[in-house]
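Report on the structure given below.
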Amino acid sequence: MAKKEFGFATTQIHAGTHREDNGALAFPIYATSTFVFDNVEQGAARFAGEEEGYIYSRLGNPSVTQVEEKVAALEGGEAAMATASGMGAISAALWSILEAGDEVVASDTLYGCTFALLNTDIQKFGVKVTFVDMGDPENVKKALTEKTKVVYFETPCNPTLKIVDIAAVSKMAHDCNPEIKVVVDNTFPSPYLQNPLKLGADVVVCSATKYINGHGDVIAGFVVGDAEYIMNTKMTGLKNMTGTVMSPFSAFLINRGLKTLNLRMERHCANAMKVAEFLHDHPAVDKVYYPGLPDFEGHEIAKKQMHNGFGGMLAMELKASRDEVAAAINKLQLCTLAVSLGDAETLVEHAATMTHSTYTKEELAASGISEGLVRISVGLEDVEDIIDDLKTVLDTLV
Ligand code: 3LM
């Protein structure tokens, strides 16, 4: 693409595009595991890093490079690394920074598998993790030590939508030690709504399974950061430690999905705001978690750092027992009972027994994830139809 800096919509369509010799408009799927060398000298030069060019698709593939360049441009990072899943991105990002004896300060409210990785699996290798409520940045300050290498959080958090002040936490971490990597999971907002790197964070990780792809047909992830960190993470975290590379077919689908990211996010945000307002006023609903509601804790910070809207994710607590909640959501007709998020379809799930079943009862309570919390990924359907479906079910609880 030309050097001029384009707007978001132009970037999501054109960044990373290298027209191939045959002129195909859609970027091809390079379904190949390996690449042919002209001679032994060329192969050796590529392995030695003395000549640019592809070697083997675990180390790089043109279809994958293309979406890496696109996502780096959308997040405002120097470089990106594509992975086979969001968890692949998170684990590769962390494995390549941490070693035994290091410490992580992590948010207490995280996607369930990320929590499991930090709460159990990574600790087997001698890494200490301290979980804090990052709704108050002062808690981060108190937890930092000279051994802290990573500060890790999501914002809005999964599933309570708690907001963490990216600029404040990044400054606190870097004031303590400029070498600390502040790693932010940007899955919920997507790069259209929030760019943590521009707010002081060092690394963005995300599940591209969600809004980035947007069509519920891919599992994928990205890590974005400065060129040196991404090169190191590719060479260690991805190539050697996890091997969780993105397939060329997933890259093709993600490239296609990304071309409409801003349009989809605008509709997700508009629909979610209307659903949140409806739920807020419904007598069966005890509490609505949506950063766009003026009475939501964290609304002012969300307004500051989510520059294009408050996203498509919300959660609610009902004035009903856990069993009544389950019976009610079983009756939904249009809204679909499924985990995951960011798809065209509205998806509803019960966090405590599904996405966050990796938390014990006590850990759920400590993180403010109530047993009755129902999470909704508001889709792209006509919002009146989504609200009608929810109303029919909620009215039975009044
Ligand atoms: C979910 N979340 O329904 P993959 N970071 C965040 C996420 O929400 C997720 C990941 C990383 C859900 C998946 S639960 C079995 C389904 C904030 C995933 C991990 O590896 O691409 O699934 O991303 O909340």
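Read-outs: derived from the displayed coordinates by stated rules, not from any lab. It should be emphasised that the depicted structure is a prediction, and the values quoted were computed from it without experimental measurement. Glycine also receives a Cβ, built like all others from the backbone with ideal geometry; neighbour counts cover every protein chain displayed.
Within the range 1-26, the residues that satisfy the criterion of being touching a residue at least 24 places away in the same chain (Cβ under 8 Å) and of a type in the set (A, V, I, L, M) are Ala9, Ile13, Ala15, Ala26. In summary, no strands (runs of 3 or more DSSP E) completely within the range 284-387 bear 2 or more residues that are polar (S, T, N, Q), within 19 Å of the chain's Cα centre (by Cα) and at negative phi.
Note on the range 174-195: residues that are free of Cβ contacts under 8 Å to residues at least 60 places away in the same chain and surrounded by 24 or more Cβ atoms within 10 Å (Cβ to Cβ) amount to 2. So which residues in the range 145-201 are among the charged types (D, E, K, R) and part of a helix (DSSP H, G or I)? Across the range 145-201, the qualifying residues are Lys171, Asp175, Lys198.
When the residues of the range 382-398 are narrowed to those that are farther than 16 Å from His280 by Cβ, in contact (Cβ under 8 Å) with a residue 60 or more places away in the chain and not hydrophobic (A, V, I, L, M, F, W, C), which ends up farthest from the ligand (Cβ to nearest atom)? Across the range 382-398, the extreme among qualifying residues is Thr396.
Scanning the range 215-235 turns up at least one residue that is among the acidic types (Asp, Glu) and assigned to a loop (DSSP other than H, G, I, E, B). Looking at the range 192-224, which of its residues are closer than 11 Å to Gly342 by Cβ and touching a strand residue (DSSP E or B) at 6+ places or on another chain (Cβ under 7 Å)? Passing the criteria: Cys206, Ser207, Ala208, Ile212.
Residues that are without any contact (Cβ under 8 Å) to a residue 12 or more places away in the chain, under 26 Å from Ala352 (Cβ atoms) and more than 16 Å from the ligand (Cβ to nearest atom): list the strands (runs of 3 or more DSSP E) wholly contained in the range 27-138 that include at least 1 such residues.
Filter on the range 27-138 gives an empty set.
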